[in-house]
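Visitor: I am attaching a structure below and will ask some questions about it afterwards.
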Amino acid sequence: MKKHKIAIMGFGTVGGGTYDILTQNRDHIRSTQGVDIEVKYVLDRSAESLEKRGADKSLFCSDVDALAADKEVELVVETMGGVEPAKTFITKMLRAGKSVVTANKELLAKSWSELEPIAKENGCGLFFEASCVGGVPIVRALGESFQGDKVQSIYGIINGTTNYILSKMSAEGVSYSQALAQAQALGFAEANPTSDVEGYDAAYKLSILGSLAFHTSLPYQSIYREGITRVTAADIVNAKRLGYEIKLLAIGKRCGNDIEARVHPVFVEKNHPLASVSGAFNAVYLHGDFVGDLMFYGAGAGAHPTGSAIVSDIVKALCGKPTYCDFDNNGKLDKSVNLVGDFLSGYYICVTVDDKAGVLSRISTILSDNGVSIKAATQVPSDGNAATVVFLTHPSREHSVMRSLESIGKLASVRNIDSVIRVL
Ligand code: NDP
Ligand code: HSE
């Protein structure tokens with residue numbers, strides 16, 4: 001049986017997890033898939049990272065050009081992260097005819113349209129199952145299934161770090177900063193966790209998944225994005241009291257040429273399947289016009305789940321022909337696409353007001369003047385002569401709610417608009 005030699009660039013959490021699988025399950029992969037995979041090089045900043053993870057130090061390589069020039073190496077895994085030098089390194093490998101398997105959603109969301117043609121020109125492939133939803137094979141499913149369906153919507157919990165933080169805050173009352181520190185220690189968070197908590201990571205993933213699902217380029221810049229940093233402990237308590245969990249959702253919908261693409265915190269009813277996805281678990285809830293509802297669920301981050309997705313791409317790349325996307329992947333929103341900004345959603349609105357007569361009625365009047373219908377309103381006792389009022393609205397237009405909030409914020413008796421969170 002032919003030995004396939006590969007290299008790993010970046011030997012941290014995911015690179016290390018990939019190595020563990022390739023070494024510990026080498027015989028299993030050989031006997032079930034008919035490919036014998038040997039790691040010839042590991043490129044990292046220093047050989048220490050190999051030592052730390054129990055890998056043979058002689059695999060260490062620091063010269064990317066030597067790696068690209070080695071004809072024995074058929075495929076390279078990129079698990080360094082970030083845009084540069086990852087993009088330059090991947091380009092060198094593709095130009096040398098080596099297929100690349102990457103977990104780097106940021107790079108892919110920003111440069112997919114540049115990298116894929118280079119792979120095509122050089123007869124090799126660019127594989128990225130691990131870039132979205134960790135060990136869950138959602139890229140494969142979207143790319144290779146549903147040929148007979150129009151995927152109409154995807155609702156995803158696709159960032160493990162934020163789901164871990166929100167779950168810990170909700171279930172155990174852990175503070176935001178403690179929960180973030182735990183997610184970092186467990187290896188889920190990005191090198192710069194701002195990408196996780198401000199929703200960039202989820203937007204990169206939605207850009208990739210949405211493009212595959214809707215067969216059109218969905219640039220990450222066109223996705224509305226809001227992170228979890230403004231979600232307060234009080235919002236989590238209010239959500240629970242009202243029968244919801246707060247989740248950072250990535251939402252993509254297509255109806256004809258109308259596409260909705262957004263990432264933001266959402267109140268999810270407790271009986272919805274997405275409400276019970278907790279910790280670093282991820283899920284994608286998908287609706288196709290003929291297949292109906294499907295939910296893909298599993299570990300969304302971590303060394304071994306992500307390594308598992310990488311190994312499956314390595315085997316796919318070594319065994320078969322590369323696949324290229326089935327739409328014009330020029331990185332731009334197609335002219336025919338109408339990006340919907342004035343979407344329909346329920347809203348949770350929390351305001352601190354003067355605790356006196358007439359305040360609630362003035363707020364309700366503004367909402368109703370803008371066509372926003374109140375589903376429920378509760379007053380939560382607050383300090384002194386202030387009151388906190390929580391509203392839930394019926395599905396309303398985004399722009400109508402934002403217009404209402406602008407007017408509500410100007411009322412003399414309104415001290416603060418504490419929170420606004422959309423409701424699924
Ligand atoms: P880590 O920081 O744990 O590992 C990255 C490794 O690459 C480190 O050893 C780092 O060295 C090395 N590295 C970075 N830049 C260079 C360079 N210029 N030259 C040589 N070595 C370099 O990151 P992760 O493993 O967590 O993430 C890697 C990629 O996988 C990212 O794109 C991430 O988004 C993605 N991903 C991560 C998941 C996770 O659960 N962690 C899940 C899915 C995808 P040093 O530490 O010295 O910088
Ligand atoms: N930082 C990412 C997350 C890693 O928390 O989901 C997995 O892509």
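Visitor: Here are some residues: D65, D27, D36. Which one is surrounded by fewer than 18 Cβ atoms within 10 Å (Cβ to Cβ), free of Cβ contacts under 8 Å to residues at least 60 places away in the same chain and farther than 19 Å from V311 by Cα?
Guide: Working: D27 fails: farther than 19 Å from V311 by Cα; D36 fails: farther than 19 Å from V311 by Cα.
Criteria check complete, one pass: D65.
Visitor: Inspect all residues belonging to region 328-341 and state whether any of them is in a loop (DSSP other than H, G, I, E, B), open to solvent by 20 Å² or more (accessible area, probe 1.4 Å) and within 30 Å of K375 (Cα to Cα).
Guide: Yes, region 328-341 has at least one match.
Visitor: From the set of residues in region 78-136 that are open to solvent by less than 40 Å² (accessible area, probe 1.4 Å) and basic (K, R), which is nearest to ligand 1 (Cβ to nearest atom)?
Guide: Looking at the filtered set, the residue picked out is K105.
Visitor: Name the single residue that is surrounded by the most Cβ atoms within 10 Å (Cβ to Cβ) among those in region 184-207 being in contact with a Phe, Trp or Tyr (Cβ under 7 Å, 6 or more places away or on another chain) and among the hydrophobic types (A, V, I, L, M, F, W, C). Steps first, answer last, please.
Guide: Within region 184-207, the subset in contact with a Phe, Trp or Tyr (Cβ under 7 Å, 6 or more places away or on another chain) is 188, 203-204, 207.
Still in the running and among the hydrophobic types (A, V, I, L, M, F, W, C): 188, 203.
Working: F188: 27, A203: 29.
Of everything passing the filter in region 184-207, A203 is surrounded by the most Cβ atoms within 10 Å (Cβ to Cβ).
Visitor: I would also like to ask the following. Mind telling me which of the residues R230, R241, R225 ends up being of a type in the set (K, R) and under 17 Å from L333 (Cβ atoms)?
Guide: On the way: R230 fails: under 17 Å from L333 (Cβ atoms); R241 fails: under 17 Å from L333 (Cβ atoms).
Testing whether each residue is of a type in the set (K, R) and under 17 Å from L333 (Cβ atoms) leaves just R225.
Visitor: If you take just the helices (runs of 4 or more DSSP H) that sit entirely in region 1-86, which of them hold at least 3 residues that are modelled with pLDDT of 95 or more and under 23 Å from L115 (Cα atoms)? Before you say what the answer is, go through the steps one by one.
Guide: On the way: elements: 13-24, 26-33, 48-52, 64-69.
Output list reads 13-24, 64-69.
Visitor: Which one is nearest to ligand 1 (Cβ to nearest atom), of the residues in region 304-320 that are open to solvent by 30 Å² or more (accessible area, probe 1.4 Å), in contact (Cβ under 8 Å) with a residue 24 or more places away in the chain and closer than 15 Å to R140 by Cβ?
Guide: Per the stated criteria, the residue is P305.
Visitor: If you scan region 257-303, which residues turn out to be under 30 Å from I21 (Cβ atoms), open to solvent by 20 Å² or more (accessible area, probe 1.4 Å), out of contact with any His (no Cβ under 9 Å at 6 or more places or on another chain) and in a strand (DSSP E or B)?
Guide: Result: F281, M295, F296, Y297, A299.
Visitor: What is the number of the single condition among (1) crowded, with 20+ Cβ neighbours inside 10 Å; (2) away from ligand 1 (no atom under 16 Å from the Cβ); (3) in a loop (DSSP other than H, G, I, E, B) that K168 does not meet?
Guide: It fails just one condition, (3).
Visitor: Determine, yes or no, whether D44 is surrounded by 14 or more Cβ atoms within 10 Å (Cβ to Cβ) and either of a type in the set (D, E, K, R) or within 16 Å of ligand 1 (Cβ to nearest atom) (or both). Outline the logic, then answer.
Guide: Details: surrounded by 14 or more Cβ atoms within 10 Å (Cβ to Cβ): yes; either of a type in the set (D, E, K, R) or within 16 Å of ligand 1 (Cβ to nearest atom) (or both): yes.
Considered against the rule, which asks whether it is surrounded by 14 or more Cβ atoms within 10 Å (Cβ to Cβ) and either of a type in the set (D, E, K, R) or within 16 Å of ligand 1 (Cβ to nearest atom) (or both), D44 comes out as yes.
Visitor: Only one of L126, L142, L108 is within 13 Å of the chain's Cα centre (by Cα) and at pLDDT 95 or above. Can you tell me which? Please lay out each step first, then the result.
Guide: On the way: L126 fails: within 13 Å of the chain's Cα centre (by Cα); L142 fails: within 13 Å of the chain's Cα centre (by Cα).
Only one candidate qualifies: L108.
Visitor: I'd like the residue in region 145-156 that is of a type outside the set (D, E, K, R) and more than 17 Å from the chain's Cα centre (by Cα) and, out of all such residues, is least open to solvent (accessible area, probe 1.4 Å).
Guide: At the first step, the residues of region 145-156 found to be of a type outside the set (D, E, K, R) are 145-148, 151-156.
Checking the rest, the ones that are also more than 17 Å from the chain's Cα centre (by Cα) come to 145-148, 151-152.
Details: S145: 51, F146: 33, Q147: 149, G148: 68, V151: 13, Q152: 71 Å².
Residue satisfying both the conditions and the ranking: V151.
Visitor: Looking at the structure I just gave you, is T352 touching a residue at least 40 places away in the same chain (Cβ under 8 Å), among the polar types (S, T, N, Q), open to solvent by less than 70 Å² (accessible area, probe 1.4 Å) and away from ligand 2 (no atom under 16 Å from the Cβ)?
Guide: Details: touching a residue at least 40 places away in the same chain (Cβ under 8 Å): yes; among the polar types (S, T, N, Q): yes; open to solvent by less than 70 Å² (accessible area, probe 1.4 Å): yes; away from ligand 2 (no atom under 16 Å from the Cβ): yes.
For T352, the condition - touching a residue at least 40 places away in the same chain (Cβ under 8 Å), among the polar types (S, T, N, Q), open to solvent by less than 70 Å² (accessible area, probe 1.4 Å) and away from ligand 2 (no atom under 16 Å from the Cβ) - is met.
The values are calculated or read from the model by the stated rules, or taken from the named source; none is laboratory data. Because the structure is predicted, anything quoted here is derived from the model rather than measured. Positions of Cβ are generated from backbone atoms using ideal geometry, with glycine treated the same way; all protein chains shown enter the neighbour counts. What goes into the accessible areas is simple: the full protein's heavy atoms, side chains included, and nothing from ligands, DNA or RNA. Shrake-Rupley method; radii C 1.70, N 1.55, O 1.52, S 1.80 Å.
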